[in-house]
Structures are given as C-alpha cells and as structure tokens.
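**Student:** Submitted below is the structure of interest, expressed as structure tokens.
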Amino acid sequence: MSLELPNENLIRDLPPGTHLGCSVRADKAHADGRQQKTILLTGASRGIGHATAKLFSDAGWRIISCARQPFDGERCPWEAGHEDHLQMDLSDHRMLPRAIAEIRERLAGAPLHALVNNAGVSPKTPTGDRMTSLTTSTETWMRVFHLNLVAPILLAQGLFDELRAASGSIVNVTSIAGSRVHPFAGSAYATSKAALASLTRELAHDYAPYGIRVNAIAPGEIKTDMLSPDTEARLVPSIPLRRVGTPDEVAKVIFFLCSDAASYVTGAEVPINGGQHL
Ligand SMILES: NC(=O)c1ccc[n+]([C@@H]2O[C@H](COP(=O)([O-])OP(=O)(O)OC[C@H]3O[C@@H](n4cnc5c(N)ncnc54)[C@H](OP(=O)(O)O)[C@@H]3O)[C@@H](O)[C@H]2O)c1
C-alpha cells in the first residue's frame, strides 16, 4: 500500500543523495508532467495543522493556509507560504464568501485535491475548567459553532467545483469529545464536534456521486496548545497506550485519507487516541 509519502512517489527517481527540498519535489512532479496537488488547510500555524502542512509540503503538495495570525516564514518553511496564506477569522461567517473568493483567485482555475477543516476552538473557564451546558454564554455557543461547524460547511459548499475537478477529498477534524462527556472539553465544543461528525456523513453521501470523498478524524489527547495542563496526570493513566499523541501522528492519518491509498474510504471517522475510546 503506497501512501505517497515522501521518498515514495514524487521523488522515486531522484539520484541518491539529492537534497529533498519542497521545490525539488515540486519541480520533479512538473518535469514528469504530473500535476502538483493542492491542499487548503485551515489552522496551519501551529499544532495538528502545522504538522499536517509540513507533511504535505514534504510530499510536494502546494499548501494554501488560513488562520487569524499572519504567516510566520521561520516556523512554516513551505513553498509560497506567504502568498498562499489567508489571514482571517473563520468564526465570522460573513467573511467566508470573501475567503472562498480569495482561495479561488489563488487557485486560478487549478483543481483542489484536499480540503482539511482543522481550525477549531475549545473555550475553557479562566481557571481552565470545562464550560458546561449551564454556564456557557450565547456568545460562546455562537463563536464555537461558527468556527467548528459553519466554516467547514461553507468551505465545502463554496469549493465544490474545485474539489470535483480534482476528484478530491475533504477531511474534517472532529474529537473524541464529540461522542462522550470529556473532563476538560466544554458542552459547546463537544456538541459542535458531534455535529461535524454528522456533517461528515451527510457530505460523504451528497458528494460521493461527484467523486469527492469526505472523512473525519477524531483525535483524543494530542500534545498541542489546546491540551489541558492536567491531561498527563488525570487522563494518561486511563489511555491504553499510556501517553498522549503527537501532531505528527495525526498528520499521517490525514495524509492517508487524502491519498489514493484511501480511494474507497468515505464517510468514515477515524479515532486517533491511543485506545482512549475502548
Ligand atoms: N489537541 C488535541 O488534543 C485535540 C483533540 C481533539 C480534537 N482536536 C482538534 O484538532 C484541531 C486542531 O487542534 P490543535 O490542538 O492543533 O489546536 P491549536 O494548536 O490551538 O491550533 C488551532 C489552529 O486553528 C487556528 N484558528 C483558531 N481559531 C481560528 C479562527 N477563528 N479563524 C481561523 N483560524 C483559527 C489557529 O491559528 P490562529 O490562532 O492564527 O488563528 C491554529 O492554527 C481542532 O479542530 C481541535 O478541535 C484537537
């Protein structure tokens, strides 16, 4: 089974010892007459999104990224990073039409091979505690649902033609908190992720006739800024693999779902949690 990982497809014919920078791989793909693939990845600036962008970039993909902060060239060394970065707040649904227009402009008629809806927010109380269904404000419910659910819906709708042209795929990043009460994740977050899992099923059904696959990944405890400081002490002892996961371990599953190795996989939600769901 080939996952099109670096050193497998695009760079197979390079002589031993060749420097394997992104541009070399991309140039090689162009020279072979193969089209460079493009991914739109939300929340690529850190955490899971950052690891995912690095992995796809190493495999020769063009990365179009989106986040609230400006592009940081030192931390994100992928090709055309500045030009292909959209700085915007995806929790404001009124910005989405502009975002889609800008993404289309950057694609300039090229197909979109992958849309990864990764940006997400998990608000906690000032003391880091879980926000319950009794204590969450209306403003917080709206902000969480707009970023975690509405943005993925609008991006999938708005980029349908570009995804169809590539027989592309969508990966939605859900959470273990979508299927059980979690000690740190709040009610708005958990229900938004449950809705995103349902949206994955609906999109998979509706987009399949057009050759677009739609899947989700549901991480457990992954070492990023989002993780609660108490995770190691309170949750790790009950995780069968006895450790938290790394962003890189999540990125590899996203890559698999966007590759030809997953060509018959659609409508799935893959748990990435060291057995925490067992
Ligand atoms: N870490 C875990 O244990 C875990 C577990 C289950 C699920 N997840 C899910 O995995 C995904 C990534 O999480 P992570 O842990 O990597 O989070 P993270 O380290 O906090 O990164 C979040 C990313 O989303 C972007 N972002 C946040 N709010 C945004 C907004 N309003 N508009 C545009 N971009 C925004 C951030 O960039 P800016 O700050 O520049 O906007 C950042 O790049 C999320 O959907 C999360 O729910 C994570």
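**Student:** With +1 assigned to the C-beta of every Lys and Arg and -1 to the C-beta of every Asp and Glu, and no other charges, what is the dipole magnitude of the stretch 24-272 about the Cα centre in debye, to the nearest 20? Mind showing how you got there, number by number?
**Tutor:** Details: 26 positive and 26 negative charges, 81 e Å.
Charge dipole, the stretch 24-272, about its Cα centre: 400 debye, nearest 20.
**Student:** Taking neighbour counts of Cβ atoms within 10 Å as a proxy for exposure, in what order, fewest first, do Cys76, Cys66 appear? Show your work: numbers first, answer last.
**Tutor:** Details: Cys76 19, Cys66 25.
Ranking Cys76, Cys66 by Cβ neighbours within 10 Å, fewest first, gives Cys76, Cys66.
**Student:** Here's another thing I want to ask about it. With no solvent and one equal point scatterer per Cα, compute the Debye intensity ratio I(q)/I(0) for the chain at 0.07 Å⁻¹ and report its log10, rounded to two decimals.
**Tutor:** -0.25
**Student:** Taking GluC sites (Glu not before Pro) as candidate sites, keep only those in a DSSP loop with at most 12 other Cβ atoms within 10 Å, then name the longest stretch of the chain containing none of them. Display every interim value, and only then the final one.
**Tutor:** Details: sites that count: Glu8, Glu74, Glu83.
Excluding the exposed sites themselves, the longest stretch runs over 84-278.
**Student:** Can you give the Rg and Dmax of the stretch 169-250 based on its C-alpha atoms, in angstrom?
**Tutor:** Every Cα atom of the stretch 169-250 included, Rg and Dmax give 14.6, 47 Å.
**Student:** Further question: Would you mind computing the Rg to Rh ratio of the stretch 131-278 from its alpha-carbon coordinates, Kirkwood style for Rh?
**Tutor:** Numbers: Rg = 16.1 Å, Rh = 16.2 Å.
We get a ratio of 0.99 for the stretch 131-278.
**Student:** Net charge around Ala80, counting only other residues with Cβ within less than 10 Å of its Cβ (Lys, Arg = +1; Asp, Glu = -1)? Walk me through the numbers on the way to the answer.
**Tutor:** Numbers: positive: Arg62, Arg106; negative: Glu79, Glu83, Asp84.
Taking every Cβ under 10 Å from that of Ala80, the sum is -1.
**Student:** Highest GNM mean-square fluctuation, the chain, Cα pairs closer than 10 Å: which of Leu40, Leu55, Leu154?
**Tutor:** Highest fluctuation among the options: Leu154.
**Student:** So, one more: Once you keep just the Cα pairs under 8 angstrom separated by 6 or more residues, what percentage relative contact order results for the stretch 24-272? List each step's numbers first, then the result.
**Tutor:** Details: 458 pairs, mean separation 48.3, N = 249.
About 19 percent, as a whole number.
**Student:** Any chance you could give the angle, 0 to 90 degrees and rounded to 10, that helix 22-31 forms with the longest Cα principal axis of the chain?
**Tutor:** Roughly 50 degrees between the two axes.
**Student:** Quick one: which of 41-53, 208-220 comes out on top by average Cβ neighbours within 10 Å, and what's the full order, highest first?
**Tutor:** Working: 41-53: 24.5, 208-220: 20.2.
In descending order of packing, they fall as 41-53, 208-220.
No value in this document is a laboratory result; all are computed from the given coordinates. Not measured: the values here are computed from a predicted model. Heads up, the Cβs are rebuilt from the backbone with ideal geometry, glycines too, and the neighbour counts pull from every protein chain shown.
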